[in-house]
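Below is one structure, written out as structure tokens; comments come after it.
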Amino acid sequence: MTQRALVGTLLLAALTAAPPAQAGLPHYAEESGLIATTPGTDDGSVAALWNPAQWGLLERSEAAFWWSDNQVLDHRRDDYGFSVGSGLGLSYRHRIFQAPGGPRGVGEYQIGLGCGDGGQAGGIAYGFSGPGRSVFGRENFLALGSILRPTPWLSLGSTGRIASGEQQGVLDLGVRPLSDPRVLLFASYALENDRHWDDGDPSGGIALRPIVGLLVGGRWSENERFQLTLGLTLARTGFRSLTQFAKLDRGATNYVGRLSPPVRGLDPAGRLLRGRRFLEMSLHGDAVYQSYRFFDERSLPLRRILEDIQFAIEDPTVGGVAINLSGFNGNVEMVWEVREKLLDLKRAGKKSVVYIDRAGAAEYYLASAADRIVMDPLGTLLIPGVQASRTYMKDALEKAGIGFEEWRYFKYKSALEALSRRNMSDADREQRRALVKAAYLEMAEGVAGSGRTTRARLDSTVNQEPYMSPRRLLELHWIDEVGGAEALREAAKTAAGTRVLLSKAREIRRRRWQPDEAWGPVPTIVLAYAVGDCAMDTGIRGRETSRALKKFRERRDVKAVVVRVDSPGGDPLASDLVARELKAYRRAKKPLYVSQGRVAASGGYWISMDAARVTASPFTITGSIGVIGGWAWNEGLGKKLGLTSDHVQIGRSADLFGGLTLPLLGVKIPERNLDEHERVVVKRAILELYDDFTKRVAEGRGLEIGRVREIAEGHVYAGREAVDLGLVDEIAPLDRTIEEAKAAAGIPKGRRVRIEEYPRQRLFPLPGLARWVAARIAGSAGGGGSGLAGDGGGALGGDVLGSLESSSERTYEERTLGRILLNPGLPLLLTPPSLLPDEPAAR
């Protein structure tokens, strides 16, 4: 039974039950004097006294304290209480009533539990009374409540209480004509089981919030009763007075004080501390997409860095950021994203200061976006330029007795050159030179654009003075001062031109939190990461990711999906499983955007091509529309190891899939190369897959097939050139891509959304000791940490750490050779990460 059906059943019981023996439940009229509107609208933990579903709507714990000036005893406060919680809540109210023998007090308690979001919530509460309950016939009771908000302008609430022989129920309605909190019209109808359905207690009214933090409201009910509410909320503290009138006679006034109420308040700090705070950010660690949830202080999730700077942009008390870049480790694409956010900060009129010590070109490129740069007295800058190199394994394979043949039919498809050549092919040299040039130009223009140097001076420095000390950098005005990390505070003061307070980003974000007052289901944007080799069960995890994307497409609360692709390719099937789901989003008319990371080429581009929109960075390596394959065989390895093999077969080529099995490792190496007939079969398969690839790119990107084949041939491109060619739509960082997806989904600007990441964060990293034990187990099983693995999903040699194909301890070429050995003859969508220029930093 759903929560709404359960509450409906309870209300039906309230209408049909027999009259109670005594009035054992606190009446709605007794408690509504604390509520400015209705139990199902905006009154948080106070309204949870009646409707426990309110506990499920509180984003953060609220504490409310109240008292009344209506006293039975003149010498003491006799009507007061508190309510505190979020999700789980506790309420207490003490009152004194006249009783036989004189006034008596009674304490009433409630424990409530609620869950929900901006669209709906449900709750349950248990109420009981302390000493004095028997004098007034108070009964323990169970309360159920629900709140439904299907749109930004409508709220429907229902709640009921049931005790021994007595039931009560309330239905309420709230309407926001402007779809925001400025105007609220409300009405409620309360009924007890000793009354006929048309003899209930109706009430209604209006609540106005002409400016943020100020409330004026009135509630009318039967018998000419009226309640006037005046309220003021400052920052995270609120105060209300609720005065009762019977006809023209003033009655009791209830006063309510609130901490962290679910309403926005006036922001005096925004004026008093305007621009006086600097966010202090330490980026010591590794920039990653996702960190572990616990015990992972080394990882710096990219989104968290960007969100902290975005907060600095939006919050009026923050005048800028002070960033310590010591020990920062991130690829140049992520560096570009952080730099773009710092430039957004500058465009917003705010300042940034940066501390560096041992920096390379990428770190200085990032720091150059700041208003002031501080360098450690023993720091250095290494800026020798950009290069891309590659290690070739042909001679090593020959010495090992392994033959290798590259099946290459497209000019620029160079993924397997490292296994088949001793040096770089002309085509590979051409495209690598273009990538190196694009990376250098992007960084050079960025540094020169900062105003710290000219392009000519930068080029001269790279060629003549690639290693510089802080003193030399100060002479050239490439930095502003020399000092330790503690100098950031003074640098922030200098940049701001006034005294500033440095505070941790997380601390200030917590203090400056504001509730989301919007009604209606909270829109969900999914951020799915397709990172690593294109494989079925590792890397992008083709099987699992495609299933997840299908579920996201079918979920009504998911309004748009952004897929972050950072993959050099691999298995065509894994790539296509994900690509099929992206294409299905077009038919479903649900926005799906792709944000390309450092590399989204070959299989990574296959994933991207059917998205509604594709964004990249200037440092993204993309394209590589082509297919390649290769074959490895025993050409003396068995003799070197003292191994031979023999076989029987049916089928002309059956022996290609047998051969020498390496002891312990379990790797099979065929005994021979392909013959001419078999090469024809392989070539046909590769050309057919290439034909399909180019046709699908043409369809997905709206290009002529002839044009696609001109720019394909396995050619890789840097981001800006890919935009010019139509392979990518625009240069944009991840956070801007998410905002564009929100707009495409019709989500108003400024509306909060829930960002749901896929895959979910893992809990914690494997402790060092456990990793050591696992490695020893793997070694004793014969893996020894040196085996090769492929797309089969399991590691060779019993390596319990997982597939070596995706292990960062193996080179890409080693993992590629492993894939070929485990999937002989399989056409592959590969782009070697060695196409990426070496990160120009002193590491």
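Give all pairs with beta carbons closer than 8 Å in which a residue from segment 262-279 that is without any contact (Cβ under 8 Å) to a residue 60 or more places away in the chain and over 16 Å from Leu234 (Cα atoms) meets a residue that is buried (at least 17 other Cβ atoms within 10 Å of the Cβ) and of a type in the set (D, E, K, R); count only pairs at least 6 apart in sequence or on separate chains. Partner pairs satisfying both residue conditions: none exist. Might you check whether a residue that is in contact with a helix residue (DSSP H, G or I) (Cβ under 7 Å, 6 or more places away or on another chain), surrounded by 15 or more Cβ atoms within 10 Å (Cβ to Cβ) and under 24 Å from Gly604 (Cβ atoms) occurs anywhere in segment 734-753? Yes, segment 734-753 contains a residue that is in contact with a helix residue (DSSP H, G or I) (Cβ under 7 Å, 6 or more places away or on another chain), surrounded by 15 or more Cβ atoms within 10 Å (Cβ to Cβ) and under 24 Å from Gly604 (Cβ atoms). In segment 228-237, the count of residues that are surrounded by 14 or more Cβ atoms within 10 Å (Cβ to Cβ) and closer than 30 Å to Ile323 by Cβ is one or more. All of Gly636, Gly666, Gly658, Gly623 fail the test of being in contact (Cβ under 8 Å) with a residue 40 or more places away in the chain, surrounded by 15 or more Cβ atoms within 10 Å (Cβ to Cβ), touching a strand residue (DSSP E or B) at 6+ places or on another chain (Cβ under 9 Å) and not aliphatic (A, V, I, L, M), apart from Gly623. Selection within segment 542-562: residues that are out of contact with any helix residue (DSSP H, G or I) (no Cβ under 7 Å at 6 or more places or on another chain) and open to solvent by less than 60 Å² (accessible area, probe 1.4 Å). The member of this set that is nearest to Ala745 (Cα to Cα) is Asp557.
Among the residues of segment 758-780, is any part of a helix (DSSP H, G or I), at pLDDT 95 or above and crowded, with 16+ Cβ neighbours inside 10 Å? For segment 758-780, residues part of a helix (DSSP H, G or I), at pLDDT 95 or above and crowded, with 16+ Cβ neighbours inside 10 Å: absent. Filtering Asp459, Asp537, Asp516 for residues that are of a type in the set (Asp, Glu), in contact (Cβ under 8 Å) with a residue 12 or more places away in the chain, farther than 19 Å from Val353 by Cβ and part of a helix (DSSP H, G or I) leaves a single hit, Asp459. Within segment 147-168, being β-branched (Val, Ile, Thr) and either surrounded by fewer than 17 Cβ atoms within 10 Å (Cβ to Cβ) or touching a His at 6+ places or on another chain (Cβ under 8 Å) (or both) holds for one residue alone: Thr151.
Checked against (1) at pLDDT below 95; (2) of a type in the set (A, V, I, L, M); (3) within 29 Å of Ala434 (Cα to Cα), Val565 passes all but a single condition, namely (1). Report, by residue number, each residue of segment 49-69 that is buried (at least 24 other Cβ atoms within 10 Å of the Cβ) and closer than 15 Å to Gln120 by Cα. Selection gives Asn51, Pro52, Ala53, Gln54, Trp55, Gly56, Leu57. Tell me the residue from Arg432, Arg499 that is under 35 Å from the mean Cα position of the chain (by Cα) and surrounded by fewer than 17 Cβ atoms within 10 Å (Cβ to Cβ), please. Matching residue, one of Arg432, Arg499: Arg499. Under the condition of being of a type in the set (A, V, I, L, M) and within 11 Å of Asp315 (Cβ to Cβ), the residues counted in segment 502-516 number 2.
Among the residues of segment 519-534, those identified as assigned to a strand (DSSP E or B) and either closer than 20 Å to Ile755 by Cβ or open to solvent by 10 Å² or more (accessible area, probe 1.4 Å) (or both) are Thr524, Ile525, Val526, Leu527, Ala528, Tyr529, Ala530, Val531. The condition of being more than 18 Å from the chain's Cα centre (by Cα) and in a strand (DSSP E or B) holds for only one of Phe278, Phe295, that being Phe278. Leu656 falls short on exactly one of the conditions (1) touching a helix residue (DSSP H, G or I) at 6+ places or on another chain (Cβ under 8 Å); (2) at pLDDT 95 or above; (3) in a helix (DSSP H, G or I); (4) of a type outside the set (Lys, Arg), and that condition is (2). Within segment 444-484, restricting attention to residues that are of a type in the set (Asp, Glu) and farther than 14 Å from Gly385 by Cα, which residue is surrounded by the fewest Cβ atoms within 10 Å (Cβ to Cβ)? If we take residues in segment 444-484 being of a type in the set (Asp, Glu) and farther than 14 Å from Gly385 by Cα, then Glu475 is surrounded by the fewest Cβ atoms within 10 Å (Cβ to Cβ). Within segment 341-352, the set of residues being more than 24 Å from Asn331 (Cβ to Cβ) and surrounded by 18 or more Cβ atoms within 10 Å (Cβ to Cβ) comprises Lys350, Lys351.
The values are calculated or read from the model by the stated rules, or taken from the named source; none is laboratory data. Keep in mind the model is a prediction, meaning the values are calculated, not measured. Reconstructed Cβ throughout: ideal geometry from the backbone, glycine too, with neighbour counts over all protein chains shown. Only protein heavy atoms, including side chains, enter the accessible area calculation; ligands, DNA and RNA are left aside. Shrake-Rupley method; radii C 1.70, N 1.55, O 1.52, S 1.80 Å.
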